[in-house]
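The values are calculated or read from the model by the stated rules, or taken from the named source; none is laboratory data. On a predicted model such as this, the values are computed, not experimentally measured, just so you know. A quick note on method: Cβ atoms are made from the backbone with ideal geometry, for glycine too, and the neighbour counts reach across all protein chains shown. Only protein heavy atoms, including side chains, enter the accessible area calculation; ligands, DNA and RNA are left aside. Shrake-Rupley method; radii C 1.70, N 1.55, O 1.52, S 1.80 Å.
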Amino acid sequence: MAGSLGGMFGNQPPGPPPPPGPAGGPGPAGLIPPPAGPRNPNNTLVDELEASFEACFASLVSQDYVNGTDQEEIRTGVDQCIQKFLDVARQTECFFLQKRLQLSVQKPEQVIKEDVSELRNELQRKEALIQKHLGKLRHWQQVLEDISVQHKKPAEMPQGPLAYLEQASANIPAPMKQT
């Protein structure tokens with residue numbers, strides 16, 4: 001696996017270069033092309049990603065920005081740091097997508113095994129969710145059954161036009177006698 005990560009850790013593409021995309025279209029195999037800016041040959045994508053991430057935070061907590069008065073300059077600097085981080089993150093994502101594509105071509109059975117494993121995990125998660133909802137359903141069915149049983153006891157309740165008032169007043173406590 002370390003040999004297949006040569007493009008990321010040695011800044012050299014492993015194996016033959018990918019076929020070029022359509023003219024004027026996105027980069028290799030439909031992926032986002034790397035920016036045309038200069039790259040330090042000793043830095044890897046991970047180093048660049050880490051450095052740009054640290055630069056984002058540094059720009060947000062820098063004393064120059066805290067004490068700065070020109071908000072537009074501050075915003076521009078922060079936007080540039082964030083844009084650089086996003087660019088390097090896209091390059092890193094492209095690298096891993098290319099590795100995933102190579103793996104799917106070289107070892108399709110491995111991809112199928114991973115898919116089966118993901119599907120099993122999803123089934124277990126959904127089964128647990130179904131059991132949780134069934135428990136809630138049973139609880140509320142019991143509550144509804146208890147309520148319906150209480151309403152089916154009309155023989156114990158007084159009947160007549162004032163029955164509701166009699167029942168409601170029976171639940172009101174008697175006033176306390178003042179001495």
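With the requirement that a residue be hydrophobic (A, V, I, L, M, F, W, C) and either within 26 Å of residue 104 (Cβ to Cβ) or open to solvent by 80 Å² or more (accessible area, probe 1.4 Å) (or both), what does segment 114-128 give you?
Taking segment 114-128 and keeping what is hydrophobic (A, V, I, L, M, F, W, C), we get 116, 119, 123, 128.
Correct list: 116, 119, 123.
Looking at segment 108-130, I want the residues that are in a helix (DSSP H, G or I) and have a partner that is open to solvent by less than 90 Å² (accessible area, probe 1.4 Å) with Cβ atoms under 9 Å, at least 6 apart or on another chain. Which pairs are those?
As it stands, the answer is 110/103; 110/104; 111/103; 111/104, since those pairs meet every condition given.
Quick one: in segment 74-106, of everything that is open to solvent by 70 Å² or more (accessible area, probe 1.4 Å) and among the charged types (D, E, K, R), which residue is farthest from residue 45 (Cα to Cα)?
My answer is 75.
Within segment 24-76, which residues are among the hydroxyl-bearing types (Ser, Thr, Tyr) and at pLDDT 65 or above?
44, 52, 59, 62, 76
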